[in-house]
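First comes the structure, then the notes that go with it.
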Amino acid sequence: MLSYHLRFMMPVRVDVATPSRSYAVTIGEGTLDGAARTLDDLRLPPRRFIVSSPVVWRFLGTRAARALGGAESILVPDGERYKILPTVARIYDALLRANADRASTIVTLGGGVIGDMAGFAAATYLRGVALVHVPTTLLAQVDASIGGKVGVNHPLGKNLIGSFYQPHAVLVDPGVLGSLPRREFRAGLYEVIKYGMTSSPRLFDRVATDRKAIFDRVPDVLAAIITDACRIKAEVVTADEREAGPRRILNFGHTAGHAIEAVTKFRRYRHGEAVGYGMLVAAELAFARGALAERDKKALAGVIASLGPLPPIADVSIAQIMDAMKHDKKMVDGRLHFVLPTAVGATTIVDDVSEKEMKEALKRVGFAR
Ligand SMILES: NC(=O)c1ccc[n+]([C@@H]2O[C@H](COP(=O)([O-])OP(=O)(O)OC[C@H]3O[C@@H](n4cnc5c(N)ncnc54)[C@H](O)[C@@H]3O)[C@@H](O)[C@H]2O)c1
Ligand SMILES: [Zn+2]
């Protein structure tokens, strides 16, 4: 009852301003239903294509089609396996068959995979058409839909082909998360914890105190944490569109995280779960250096554990993780830039993490010797 009137809360607007484009992220229940109005207000080209996946369309297709009356849908498979150029080619094919010209708008309706692929198609089709993201996973709502990174994987590595292409608008409707499988939902929550740990003690505490309502997916509780997370992402992207400096702090947990994903061939863990482990590794490292208090390390481990058990790691080898880390995109001139937490809500970037320290930290988190 407490939240009765909050259900009808006005949407919240978070602004992203980059040299290439400024746009708003609108967060609130019903933003999907009001999409046509938003696009019209922005004077985005009238011919609209919704790019989605059969899975997402099953849950949200009717609603999205109603919201964007007259829009044509293009469905392609999602899931990491399909985040490849041939799937993007299918989007081009559909656009070409429909004679889509420059006066077209692509609306992505899906998780990060659909957003990244359809965003890349929007960036490249006829050298660029209008793009609006309607993210439907928690991860895409708090992360992938903001910042303009679009692209696909290559057999030799993740996200190796792509570009920066900022959307014209991002519509975040927490109500669409109702059908998201629990594991996907949790995977997104690790990224929310990441934002809390790097930038916001308030958000960090919220995940802990509102856990039940979050898991019950109470829309206004979700809207509150999503808004906090989006504000942080928007601020960082505004300060540093191309990840030359400040944007790097959002890589917290991602150095070890990406290596863990790569070693297990992107199959065993959801990205967010690997980031969960990556944050634990970074915290162990920071603690061992005396950069992070034990209390804060425990707070991080506690909130991660409170989401439920992570898939096991005891058979994932430290040597392989070390090797995978050497191929990391965050290597600059042969040095690994590593984000260390220094307190709940604060980080520092170092480039002198030794192999020995890293191995020790991995060992303490529980990886195999
Ligand atoms: N561009 C960026 O800045 C950025 C940032 C972070 C992650 N990413 C990328 O995002 C991808 C991961 O995104 P993801 O976690 O959203 O995964 P995803 O897009 O694969 O979606 C996960 C699963 O959830 C299903 N799904 C999506 N919305 C649903 C809904 N509302 N109800 C029921 N099922 C739904 C999908 O069909 C899919 O099976 C990765 O490829 C990653 O590289 C990009
Ligand atoms: Zn991430």
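The values are calculated or read from the model by the stated rules, or taken from the named source; none is laboratory data. Keep in mind that this is a model prediction, so the values were computed, not measured. We place every Cβ from the backbone using ideal geometry, glycine too, and count neighbours over all the protein chains shown. To get the accessible areas, we keep the full protein, side chains included, count just its heavy atoms, and leave off ligands, DNA and RNA. Shrake-Rupley method; radii C 1.70, N 1.55, O 1.52, S 1.80 Å.
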Inset, instruction - Quick one: which residues, 5 or more positions from R48 or on another chain, have an amide H under 5 Å from its amide H? H modelled 1.01 Å from N in the peptide plane, none for Pro or chain starts. - result: E72, T105
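Using the crude model of +1 on Lys and Arg Cβ and -1 on Asp and Glu Cβ, and no other charge, please compute the dipole size for the range 43-135 relative to its Cα centre, in debye to 20.
Numbers: 12 positive and 6 negative charges, 47 e Å.
Charge dipole of the range 43-135: 220 debye, to the nearest 20.
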Inset, instruction - Only Cα pairs under 8 Å and at least 6 apart count here; give the relative contact order of the chain as a rounded whole percent. - result: 15
Legend entry - Over the range 13-147 - Rg/Rh using Cα atoms and the Kirkwood inverse-distance radius: 0.92
Inset, instruction - Can you tell me the 0 to 90 degree angle between the C-alpha axis of helix 219-239 and the longest principal axis of the chain, rounded to 10? - result: 80
Inset, instruction - Report the percentage of all Cα-Cα pairs in the range 73-126 whose separation exceeds 12 Å, rounded to a whole percent. - result: 60
Legend entry - Selected from V316, L177, V150, residue furthest toward positive end of dipole (the chain; charges at beta carbon): V316
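Going by average Cβ density within 10 Å per residue, which order do the peptides 34-43, 60-69 take, highest to lowest?
Details: 34-43: 15.2, 60-69: 17.3.
Taking the mean over residues of other Cβ atoms within 10 Å, the ranking is 60-69, 34-43.
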Inset, instruction - Over the range 204-252, consider all pairs of different Cα atoms and compute the Kirkwood hydrodynamic radius from their mean reciprocal separation; express it in Å, one decimal. - result: 12.0
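What share of the DSSP beta bridges in the range 104-243 is antiparallel, in percent to the nearest 5?
On the way: 5 of 13 bridges.
Within the range 104-243, antiparallel bridges account for around 40 percent of the total.
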Legend entry - Top positive-direction residue, dipole computed over the range 1-131 with Cβ charges, set G111, N99, V51: N99
Inset, instruction - Read phi for every residue in the range 192-202 and hand back ³J(HN,Hα) as whole Hz from Karplus 6.51 cos²θ - 1.76 cosθ + 1.60, θ = phi - 60°, with x for Gly and Pro. - result: 5, 4, 4, 4, x, 5, 7, 9, 8, x, 5
Inset, instruction - Taking all protein chains together and a probe of 1.4 Å, list R90, R248 from the most accessible to the least accessible. - result: R90, R248
Legend entry - DSSP bridge orientation in the chain - percent antiparallel, rounded to nearest 5: 45
Inset, instruction - Treating the angle as unsigned and between 0 and 90°, give the value, to the nearest 10°, between the Cα long axis of helix 294-306 and the longest Cα principal axis of the chain. - result: 50
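Find the relative contact order for the range 114-207 and round it to a whole percent, using C-alpha pairs within less than 8 Å whose residues are 6+ positions apart.
29
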Legend entry - Mean Cα-pair separation over length for the range 185-250, i.e. relative contact order, pairs under 8 Å, 6 or more apart, %: 28
Inset, instruction - Please report how far the C-alpha centroid of the range 150-207 lies from that of the range 250-316, rounded to the nearest whole angstrom. - result: 16
Inset, instruction - Starting with the highest mean, order 70-83, 134-147, 350-363 by the number of other Cβ atoms within 10 Å, averaged over the residues of each peptide. - result: 134-147, 70-83, 350-363
Legend entry - Of all DSSP beta bridges in the range 1-99, antiparallel share, percent nearest 5: 60
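At a 1.4 Å probe radius, which order do M9, M279 fall into by accessible area, largest first? Don't skip to the end; give the middle numbers.
Working: M9 85, M279 0 Å².
So the residues, ranked largest to smallest area, are M9, M279.
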Legend entry - Sum of -39500 (n - 2.57) over DSSP H runs of 4+, divided by residues of the chain (222 nm, nearest 500): -13500 deg cm²/dmol
Inset, instruction - Could you work out which residue, out of E284, E243, E29, moves most in a Gaussian network model of the chain, that is, has the largest mean-square fluctuation with Cα springs under 10 Å? - result: E243
Inset, instruction - Please pull out the direction-averaged projected area of the range 250-369, using the convex hull of its alpha-carbon atoms, in nm² to one decimal place. - result: 6.7
Legend entry - All Cα pairs of the range 143-270, percent lying beyond 18 Å: 60
Legend entry - Charge dipole (debye, nearest 20) of the chain; +1 at Cβ of Lys and Arg, -1 at Cβ of Asp and Glu: 500
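For the chain, state the average projected area of the convex hull of the C-alpha atoms over all orientations, rounded to one decimal in nm². Numbers along the way, then the final one.
Numbers: hull surface 68.8 nm².
For the Cα atoms of the chain, the hull's average projected area reads 17.2 nm².
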Legend entry - Rounded tilt (10° steps) of 85-97 against the dominant C-alpha axis of the chain: 10
Inset, instruction - Over the chain, with every protein chain in place, what whole percent of the accessible area is carbon and sulfur at 1.4 Å, could you tell me? - result: 54
Legend entry - Cβ charges +1 (Lys, Arg) and -1 (Asp, Glu), total dipole of the range 244-369, debye: 200
Inset, instruction - Over the chain, average the accessible area per residue using a 1.4 Å probe and give it in Å², no decimals. - result: 43
